[in-house]
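> The structure's right below; bear with me while I get my questions together.
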Amino acid sequence: MRRILSILLVLMLWGCNDSSVNEDDLHYLNGYWEISEVEFPDGSIKEYGLNTNIDFIHLKKNEGYRKKMKPKFDGTYDTSKDVERFTIAQSNERFTLYYESEFSEWEEKLVRLDSLTFSVINQEGVTYRYKRFEPIKIPQ
């Protein structure tokens, strides 16, 4: 009984949370992002420290792409030619990113977005939280 009440309380607080994303804020997706944590449907969380790979996202109008990048200490990036193209659409006051590749199709709902962070939830209920990438600066 205690567990059910705890779950209901969490759901109520989550439902009251104003996490809506405004269309005017979508430009914040542009840039370099690193994953900060992943929350699984069972509530467990995996935190990430230093990331060797980051995501570069480019969005123009309602179309964009995501590319994996590997930052180097000299401020440049290594990258592959692989690109995940997506479109973004609004429904039920939520924005959804629709990805399509030659091998797969999937979608992620944009849960939160500001200039420093964003998070998405996929079809399996896994939430990915990102923070703006800050390159490591080594004094010379």
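> Considering region 100-134 alone, what residues qualify as being charged (D, E, K, R) and more than 14 Å from the chain's Cα centre (by Cα)?
Pass one, region 100-134, residues charged (D, E, K, R): 100, 102, 105, 107-109, 112, 114, 124, 129, 131-132, 134.
E100, E102, E105, E124, E134, listed by residue number.
> Right, next: For the condition under 14 Å from the mean Cα position of the chain (by Cα) and in a helix (DSSP H, G or I), what is the one hit in L26, L59, L97?
Just a single option satisfies the conditions, and that option is L26.
> Please state which one of F103, F73 is farther than 19 Å from P135 by Cβ and part of a loop (DSSP other than H, G, I, E, B). Steps first, answer last, please.
On the way: F73 fails: farther than 19 Å from P135 by Cβ.
After applying the criteria, what remains is F103.
> Cβ-Cβ under 6 Å, sequence separation 6+ or interchain: first residue in region 81-103 and touching a residue at least 24 places away in the same chain (Cβ under 8 Å) and surrounded by 13 or more Cβ atoms within 10 Å (Cβ to Cβ), partner assigned to a loop (DSSP other than H, G, I, E, B) and not hydrophobic (A, V, I, L, M, F, W, C). Which pairs?
The qualifying pairs are T87/N62; I88/N62.
> While we're on this one: Go through (1) modelled with pLDDT under 90; (2) within 21 Å of P135 (Cα to Cα) and name the single condition L29 misses.
Unmet for L29, out of (1) modelled with pLDDT under 90; (2) within 21 Å of P135 (Cα to Cα): (1).
> Just checking, how many residues over region 52-65 are touching a residue at least 12 places away in the same chain (Cβ under 8 Å) and out of contact with any His (no Cβ under 8 Å at 6 or more places or on another chain)?
Of region 52-65, the ones touching a residue at least 12 places away in the same chain (Cβ under 8 Å) are 52-59, 62-65.
Subset that is out of contact with any His (no Cβ under 8 Å at 6 or more places or on another chain): 52-58, 62-63.
Number of matching residues: 9.
> Step by step: first the residues of region 1-23, then only those that are of a type outside the set (A, V, I, L, M) and part of a helix (DSSP H, G or I), then the one that is modelled with the highest pLDDT. Which residue is that? Outline the logic, then answer.
So the first thing to find is which residues in region 1-23 are of a type outside the set (A, V, I, L, M), and the list is 2-3, 6, 14-20, 22-23.
Of the ones still in play, those that are also part of a helix (DSSP H, G or I) are 2-3, 6, 14-16, 23.
On the way: R2: 50, R3: 53, S6: 46, W14: 46, G15: 47, C16: 45, E23: 93.
Among those residues, the one meeting the criterion is E23.
> Could I ask something else about it? Kindly provide the set of residues from region 104-140 that are more than 30 Å from D74 (Cβ to Cβ), touching a residue at least 40 places away in the same chain (Cβ under 8 Å) and of a type in the set (A, V, I, L, M, F, W, C), ordered by number.
L110, V111, L113, V126
> Could you check I45 against (1) surrounded by 14 or more Cβ atoms within 10 Å (Cβ to Cβ); (2) under 16 Å from the mean Cα position of the chain (by Cα) and say which number it fails?
(1)
> Can you report the number of residues in region 29-51 which are without any contact (Cβ under 8 Å) to a residue 12 or more places away in the chain and in a loop (DSSP other than H, G, I, E, B)?
Residues meeting the conditions: 5.
The values are calculated or read from the model by the stated rules, or taken from the named source; none is laboratory data. Just so it is clear, the model here is predicted, and its values are computed rather than measured. So basically every Cβ, Gly included, is an ideal-geometry build from the backbone, and we count neighbours across all protein chains shown.
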